[in-house]
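Right, one structure below, let's go through it.
Bear in mind that the values in this text are calculations on the coordinates, not laboratory data. What you are looking at is a predicted structure, and each value in this text was computed from that prediction instead of being measured. Cβ placement follows ideal geometry from the backbone for every residue including glycine, while neighbour counts extend to all protein chains displayed.
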Amino acid sequence: MPYPGHPRGCPNWNKRPTCPGRAPQIQEVLDLKYPVFLVYSEFNLAAHVESLRERHPTWTERQLRCCLYWQGHARSMLRRKVTLALRAYPGTIALYCPEACGVDVTRLMADIGVPLEWPPRVVVRQVALVGSPKSDLVAAHPEFAAAVLAGSRQPFAREAISRAGLCS
């Protein structure tokens, strides 16, 4: 999907193991015989924009909505929720970019009655999936497995990956 400054879409396409083009499909990552949990956070972008507008009345709409000013907070909100899910369901891992694994996140969210805005205007929703890793994930996709481990900042997520044979 094109966006400002990147007319051909994401500049990381096929570059990182967790990005589309290199990431394995969801059925190669998570063992779908077990429950997969959808975890999402909501960030009130409209309120954030209004707060910035009060402090910076000369900024353009693009400046006010720039992800540099909100994305870190929104991601930390999602990570906190994922942390709770990983604690509640030992032996699971989190995928913070399920769309890279072929999941139609927009449709999935719409199916549960939670629409996503593209581009977000009022509410930013960030989505992760939590589930049991496939037993052969590390052998089949070592770079992806290592990147999932690196992205799992919580010790219990590392333990789950270790139990699944994804690290030593």
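Relative to the longest principal axis of the chain, what angle (0 to 90°, nearest 10) does the C-alpha long axis of helix 45-55 take?
Value to nearest ten degrees: 40.
Need one number: nm distance between label points at residue 13 and residue 61, each 7 Å from Cα along Cα→Cβ, rounded to one decimal.
Distance between label points: 2.7 nm.
For the chain, what is the calculated [θ] at 222 nm in deg cm²/dmol (nearest 500), taking -39500 (n - 2.57) for each run of four or more DSSP H residues and dividing by its residue count?
Details: 8 runs with 68 residues, N = 168.
Value at 222 nm, helices only, nearest 500: -11000 deg cm²/dmol.
Using Cα pairs closer than 8 Å and at least 6 residues apart in sequence, work out the relative contact order for the stretch 26-163, in percent. Could you put the intermediate results ahead of the total?
Details: 167 pairs, mean separation 56.0, N = 138.
RCO, the stretch 26-163: 41 percent.
Which Cα, out of 49, 131, 103, lies furthest along the positive dipole direction of the chain (beta carbon charges, K/R +1, D/E -1)?
Going by the Cα projections, it comes out as 49.
By how many degrees, between 0 and 90 and to the nearest 10, does the Cα long axis of helix 71-88 differ from the longest principal axis of the chain?
Its long axis makes an angle of about 30 degrees.
Looking at 25, 14, 76, which one has the Cα that reaches farthest to the positive end of the dipole of the stretch 1-97 (charges on Cβ: Lys, Arg +1; Asp, Glu -1)?
The Cα lying farthest towards the positive end belongs to 14.
Residue 104 versus residue 136, label points 7 Å from Cα toward the beta carbon: distance in nm?
Distance between label points: 2.8 nm.
Tally Lys and Arg at +1 and Asp and Glu at -1 over the other residues with C-beta under 15 Å from the C-beta of residue 52: what net charge comes out? Don't skip to the end; give the middle numbers.
Numbers: positive: 53, 55, 62, 65, 121; negative: 50, 54, 61.
Residues close to residue 52 contribute a combined charge of +2.
Under 29 Å between alpha carbons, and skipping anything fewer than 8 positions from residue 33 in its own chain: which lysines qualify?
81, 134
Given +1 on the Cβ of Lys and Arg, -1 on the Cβ of Asp and Glu, and no further charges, what dipole in debye does the stretch 26-163 carry about its Cα centre, rounded to the nearest 20?
440 debye
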